[in-house]
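Peer 1: The structure that follows is given in the form of structure tokens.
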Amino acid sequence: MNRCAEKDFGTPGVVSDRMVCLTVDGVGLSVPEGTSVLRAAREAGIDIPKLCATDSLEAFGSCRLCVVEIEGRNGTPASCTTPVADGMVVRTQTPLVARLRRNVMELYVSDHPLDCLTCSANGDCELQDMAGAVGLREVRYGTEGANHLDLPADESNPYFTYDPSKCIACSRCVRACADIQGTFALTIEGRGFASRVAAGQAESFLASECVSCGACVQACPTATLNEKSVIENGVPERAVTTTCAYCGVGCSFRAEMRGEQVIRMVPSRDGKANHGHSCVKGRFAWGYATHRERVLKPLIRARTDDPWHEVSWEEAIAHAASEFRRIREKYGRLSLGGVTSSRCTNEETFLVQKLVRAAFGNNNVDTCARVCHSPTGYGLKTTFGTSAGTQDFDSVEQADVIVVIGANPTDGHPVFASRMKQRLREGARLIVIDPRRIDLVRSPHVQADFHLALRPGTNVAVLAAMAHVIVRDNLVDMDFVRSRCEMDAFSAWASFVMQPENAPEAVARVSGVPAADIEGAARLYATGGNAAIYYGLGVTEHSQGTTAVMAIANLAMATGNMGRPGVGVNPLRGQNNVQGSCDMGSFPHELAGYRHVSDDAVRGAFDAMWGVRLDAEPGLRIPNMLDAAIEGRFKGIYIQGEDIVQSDPNTRHVAEAFAAMECVVVHDLFLNETANYAHVFLPGSTFLEKNGTFTNAERRIQRVRKVMTPRNGHEDWQITQMMAQALDYPMHYDHPSQIMTEISALTPSFAGVTYERLDALGSIQWPCNATAPEGTPVMHAPGFVRGKGRFMITAYVPTEERTGPRFPLLLTTGRILSQYNVGVQTRRTANVVWHKEDVLEIHPHDAEERGIRDGDWVKLASREGETSLRAHVTDRVAPGVVYTTFHRPETQANVVTTEHSDWATNCPEYKVTAVQVSPTNGLTQWQKVHDDFAHSHARVETVAGE
Amino acid sequence: MTLGYHGAIMTPTGSLEARVLAILAHHAGREGALLPVLHDVQAAFGCVPQEAVPVIAKGLNLSRAEVHGVVTFYHDFRSEPAGRRHVRICRGEACQAMGADALATRVLAHFRLDWDGTTSDGAVTVSPIFCLGLCSVAPAVQVDGAVHARVSAEVVIRLAEGGT
């Protein structure tokens, strides 16, 4: 029996107001109506044998092992497919069922290799457990007859093996792929004795539609689908619950361990964001933690063209601190700054901003949310009063209409996408607003009712046109607006959206979306029942990113789709802790909990707690820091866990800014692109090596637990603490829980958050305080945080980035499933088998005009720069639009992107760049220069004798 | 012009994809269209070619695996075209009781075939079938869709060779 396994109740739990009383083996039970007999018994500790049943899947009734006798009923019904009934008397152990079960097991085992002692699932195999449970003693049929014992294994997937010789054809994998993941990559091929699990059209898993989420591996009761890490190392011996460090979904995982070695990551059934599901990144792509390129010793150098040399932690910290002191004395306290990381924990982020504000003595702190969801913060705070999504993920189960704008959930937020697809298969309607035909538009069993394939940069116009239709056709929920919103602002907004330039016909000309589609989508959103909007960086990363967020908020308020489950405005946040890093006061103008630094009362509380006088002036944002560096006013920076050079727009400008600084301290796992410009490198710790909390896109605070000793020697919060101490600012925490205590004391929305409560509840959605001691799943019920919801005028202003004769195409960017952002981690895992290079998607019409064939090298040029990559000719993008990912440094996609940015928050306009594409035969000059530079600036001098 | 099993117009020329798309177009909007489409594809091509599966899957918004699962579940859907005459010998219990096994052995030996094999000249394919429902007039066979009852091996061979 697997010592790490979570209890499996056999069939899913049921929610019902009515309880049913029955007797199982003489024990009186009361369970919700609709519960299966199998689950009712298992909940009471009566473990009826089972093979094809597992509580993550609906009952299937194929293995015939869970048969029971029920008084007054004929035969031996399968307990998994039999719902409980009042007064039912069930016997789970009788001579009849015992004989049946043994006979069934005998048949299974007659076509199963008897290699238990050397099998990778030995000790973690349900077939083995059931053979014991039913008392199997002999197999009368021998092994001479027809069998499947010689079928070859499929090793094509880098993370798991499919060995059909061990398959019992229970269909758990097929059902997991369909029902949980929603990919339908598996089937049972053939019939009868010939039935076998097949991927795609009986091809290898890698060649099939499989997305390697691992749900099948988790569902398999035998060694048929087994993690290669288990095959190599043996079954795990203990499990620690922690939180994934990839995207903003925040999947809860059980790190299954042998000693300090991770054997596998298994999504936790108790995880409230993921309910036992995961994607290829979270489940499998954690090998970067022990990758040979990880830097484990601190490095320093005097000049960035010197090689690095390894030093002790004391020397590295002392060197960085003395440089920061020197710079402060020479150029003034405003010449220093810091960048917090949305990849690190809340506690670590809190300490970095505290270091900047309290030890550097200014507010020059910013975070990578600057380049992703800063418009969400600003837009939702202005309209609703708080800088966060309004719902929990469970809310999608009650949505009737789902609107996806500028997001690609199946690639970017795959676990949430699977839940969304479940709801869509149940009949919810779907509207996709995106320039590209993302998978959700049409993929097995999912079909969008409307796909508004708008021209990049016209979100605001299309959203205003939808509002126009809603107001024009009297679809506004006036009761909601009257009772919940500011009426003056509403009236002004209603007359604004009715202006002729917002009519669908006018917007059709601007956006390229047919007026009828805009009208249809608007009516569906307003009248289709519970309507929920999910959006991503395709909304925010525009010159009008904040405007678009407010336009979304307007739509939700106008239709009354706020303040209850199934509705709301939901930013799909990119990084594991981007919500948290913003909550923790990472922005130059805000202290923890989104309170402005100019607020004397707020600052006073921090002054008292921290023993300093905080600056009342907002500090510099990242782009301002870079500009100030080029002007010679900004000289030293401490960057925790962000690769600014690769991820920020207009790479050449960023590089110039870093080259102008005198002390760049990079605190990261790997020598990244920014480290090429650094003077001090502090090795960071991975999420497996530290304690803390992450906050996901639904404001859910979840524990991160240390499962192994930090290979670099310290958890990240300890490193920041050492830096503060070296700068003579006292920081003395023994554990991140003490940092959380300080956060709770200073931040009203976190007032009730403690590690004890997190351990007790599993997770908490902020705000968590005296009025909501267990947190807040759905916000703005019954009233908006700011009091009355505020409609904002959202006039469409075209971006200054225009196409013209020289740059006739529009470039937009995105991510793919197997890779994560700039790929620092995922490129160092076997996930590269799914993505060897970034490619440029181009429409066949545009490709033909330029003589470009699929797979050709092309030059991608904008006003800022040029790079080259391979072309993929596809009608997924509209004519006039090209698309690429930015996962690989070789591609240098941000050499091309511009410095246009959101008017309110400076969030870069990554999603719109005017470009030209032409055939080429290799790398551009910049790529060659960059390669040489990166190579020469990442040398590490090894110490003699080591 | 010929009509398929479910009435789709069988375009005799064009690429495989175009021909499958024409069949899909005929069934557009139909609930549970997969089986009718597969029947028409088999009528058009004599089998369900592997290359047709992705086209059907995309057209019906199913996964390739789902279509593959259905195709392989039914013995009647072939991966290769059958011979010009397709003989199905009933192997239901009633037919077996009336000597169908011996009959089958003789027919297979005559054409030098195993079950589901096709003669090298592409003339004849012999398959088993369970069952034709003609128990009262067993043994029974089906040749290209027409059933024949109380047959002997000689009769089956004659029918298979194009006789009547």
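Peer 1: Quick check on the exposure proxy: order B:H68, A:H887, B:H39 from fewest to most C-beta atoms within 10 angstrom.
Peer 2: B:H39, A:H887, B:H68
Peer 1: Can I ask one more? How well do other chains shield peptide B:55-66, expressed as the mean number of their Cβ atoms within 10 Å of each residue Cβ?
Peer 2: Neighbouring Cβ atoms belonging to other protein chains average 6 per residue here.
Peer 1: Which one, A:N363, A:L299, A:V311, is farthest towards the positive end of the dipole of the range A:268-394 when Lys and Arg carry +1 and Asp and Glu -1 on their Cβ?
Peer 2: Going by the charge dipole, the pick is A:N363.
Peer 1: Which of the cysteines in chain B are isolated, no other cysteine C-beta under 4.7 Å?
Peer 2: B:C47, B:C131, B:C135
Peer 1: As a quick test, which of the pairs A:K281/A:K859; A:K228/B:K58; A:K228/A:K706; A:K635/A:K859; A:K228/A:K421; A:K166/A:K228 have an alpha carbon distance above 26 angstrom in this structure?
Peer 2: A:K281/A:K859; A:K228/B:K58; A:K635/A:K859; A:K228/A:K421
Peer 1: Sorted by packing (mean other beta-carbon atoms within 10 Å per residue), highest first, where do A:517-525, A:101-109, A:687-695 land?
Peer 2: Put in order of decreasing packing, that is A:687-695, A:517-525, A:101-109.
Peer 1: Take the alpha carbon atoms of the range A:1-48, find their center, do the same for the range A:124-144, and report the distance between the two centers in whole angstrom.
Peer 2: 25
Peer 1: Still on this structure: Which FRET efficiency value, to the nearest 0.05, is calculated for A:N74 and A:H845 with the Förster distance at 41 angstrom and r the Cβ-Cβ distance?
Peer 2: 0.05
Peer 1: Let me ask another. For Cα pairs less than 8 Å apart in space and 6+ apart in sequence, what is the mean separation divided by the residue count of chain A, i.e. the relative contact order in percent?
Peer 2: Relative contact order here is 13 percent.
Peer 1: Give me the inter-chain shielding for A:193-202: mean count of other chain Cβ atoms within 10 Å, whole number please.
Peer 2: Partner Cβ neighbours, averaged per residue: 4.
Peer 1: Can you give me the convex hull volume of the Cα atoms of the range A:455-510, divided per residue and expressed in Å³?
Peer 2: 77
Peer 1: For A:180-188, what's the mean count of beta carbons from other chains sitting within 10 Å of each residue's beta carbon?
Peer 2: Going residue by residue through A:180-188 and averaging, the value is 4.
Peer 1: Follow-up. Which Cα, out of A:A399, A:H413, A:L151, lies furthest along the positive dipole direction of the protein assembly as shown (beta carbon charges, K/R +1, D/E -1)?
Peer 2: Most positive-ward Cα: A:A399.
Peer 1: To continue, here is another question. Where the only charges are on Cβ atoms (+1 Lys, Arg; -1 Asp, Glu), what is the dipole of chain B about its Cα centre, to the nearest 20 debye?
Peer 2: 160
Peer 1: Over what distance in Å are the Cα centres of the range A:594-632 and the range B:36-90 separated?
Peer 2: 69
Peer 1: Using only Cα atoms, figure out Rg for the range A:760-883 and give it as a multiple of 2.2 N^0.38 Å.
Peer 2: 1.66
Peer 1: Over all Cα pairs of the range A:258-372, how is the pair count split among 5 Å bins, expressed in % and running from 0 up to the last occupied bin?
Peer 2: 2, 9, 11, 13, 17, 17, 11, 9, 7, 4, 1, 0
Peer 1: Here's another thing I want to ask about it. Rounded to the nearest 0.05, what FRET efficiency do B:A123 and A:T803 give with R0 = 60 Å and r taken as the Cβ-Cβ distance? Could you check?
Peer 2: Using R0 = 60 Å, I get an efficiency of 0.40.
Peer 1: Show the residues, 5+ positions off or on another chain, whose built amide H is closer than 5 Å to the amide H of A:L869.
Peer 2: Sorted by chain and number, the residues that satisfy this are A:V858, A:L860.
Peer 1: If you split all Cα-Cα distances of chain A into 10 Å bins from zero, what percentages do you get per bin, shortest first?
Peer 2: Values per bin, smallest distances first: 2, 11, 20, 23, 21, 13, 7, 2, 0, 0.
Peer 1: Of the listed peptides B:121-132, A:727-738, what is their order by residue-averaged count of other C-beta atoms within 10 Å, with the highest listed first?
Peer 2: The peptides rank, most packed first, as B:121-132, A:727-738.
Peer 1: Antiparallel versus total DSSP beta bridges in chain B: what percent is that, nearest 5?
Peer 2: 60
Peer 1: Post the alpha-carbon centroid distance, the range A:723-766 to the range A:780-854, in whole angstrom.
Peer 2: Result: 36 Å between the Cα centres.
Peer 1: In degrees from 0 to 90, rounded to the nearest 10, what is the angle of the helix A:545-558 Cα long axis to the longest principal axis of chain A?
Peer 2: 50
Peer 1: Can you give the FRET efficiency to the nearest 0.05 for A:E397 and B:E154, using r as the Cβ-Cβ distance and R₀ = 51 Å?
Peer 2: 0.15
Peer 1: In degrees between 0 and 90, to the nearest 10, how far off the longest principal axis of chain A does helix A:414-425 point, with axes built from Cα atoms?
Peer 2: Once rounded, one gets 60 degrees.
Peer 1: State the extension gain, in nm to one decimal, for the chain segment bounded by A:A616 and A:A601, taking 0.36 nm per residue of separation less the distance between their alpha-carbons.
Peer 2: Net length gain for the segment: 4.3 nm.
Peer 1: Testing the spin-label approximation: label points 7 Å from Cα along Cα→Cβ at A:Y141 and A:D479. State their distance in nm.
Peer 2: Those two pseudo-labels are separated by 6.3 nm.
Peer 1: What is the spin-label model distance, in nm, from A:E756 to A:R196 if the labels are put 7 Å beyond Cα along the C-beta direction?
Peer 2: My value for the distance between the label points is 5.9 nm.
Peer 1: Something else: Quickly work out the A:D270-to-A:L206 label distance, labels modelled 7 Å from Cα along the C-beta direction, and quote it in nm with one decimal.
Peer 2: If labels sit at A:L206 and A:D270, their model points lie 3.8 nm apart.
Peer 1: Just going by the charge dipole of the protein assembly as shown, with Lys and Arg at +1 and Asp and Glu at -1 on Cβ, which of A:A388, A:V67, A:G865 is farthest out on the positive end?
Peer 2: A:V67
Peer 1: Provide the packing ranking of A:878-885, A:785-792, A:346-353, A:181-188, i.e. peptides ordered by the mean count of other C-beta atoms within 10 Å per residue, highest first.
Peer 2: A:346-353, A:181-188, A:878-885, A:785-792
Peer 1: Sticking with this structure for a sec: In chain A, what percentage of the DSSP-assigned beta bridges are antiparallel, given to the nearest 5?
Peer 2: 60
Peer 1: Right, next: Please determine, in degrees from 0 to 90 and to the nearest 10, the orientation of helix A:95-110 with respect to the longest principal axis defined by the Cα atoms of chain A, where the helix direction is its Cα long axis.
Peer 2: Tilt of helix A:95-110: around 60 degrees.
Peer 1: ³J(HN,Hα) across the range A:352-363 via Karplus (A = 6.51, B = -1.76, C = 1.60, θ = phi - 60°), whole Hz, x for Gly/Pro?
Peer 2: 5, 5, 5, 4, 5, 6, 8, 9, 6, x, 8, 10
Peer 1: If you take the C-alpha gyration tensor of chain B, multiply each eigenvalue by 5 and take the square root, what semi-axes do you get, largest first, in whole Å?
Peer 2: 33, 16, 14
Peer 1: Could you bin all the Cα-Cα distances of the range A:809-936 into 10 Å bins starting at 0 and give me the percent of pairs in each, rounded to whole numbers?
Peer 2: Result returned by the calculation: 13, 42, 36, 9, 0.
Peer 1: Take the eigenvalues of the Cα gyration tensor for the range A:583-720, scale each by 5, and report the square roots as semi-axes in whole Å, largest first.
Peer 2: 25, 25, 14
Peer 1: Another question, if that's okay. Report the equivalent ellipsoid semi-axes for the range A:19-93 in whole Å, largest first, defined as the square roots of five times the eigenvalues of the gyration tensor built from alpha carbon atoms.
Peer 2: 17, 14, 11
Just so you know, all these numbers are worked out from the coordinates, no wet-lab data involved. Note that the coordinates shown come from a computational prediction; the quantities given were computed from them, not determined experimentally. For neighbour counting, all protein chains shown are included, and Cβ atoms are generated from backbone atoms with ideal geometry for every residue, glycine included.
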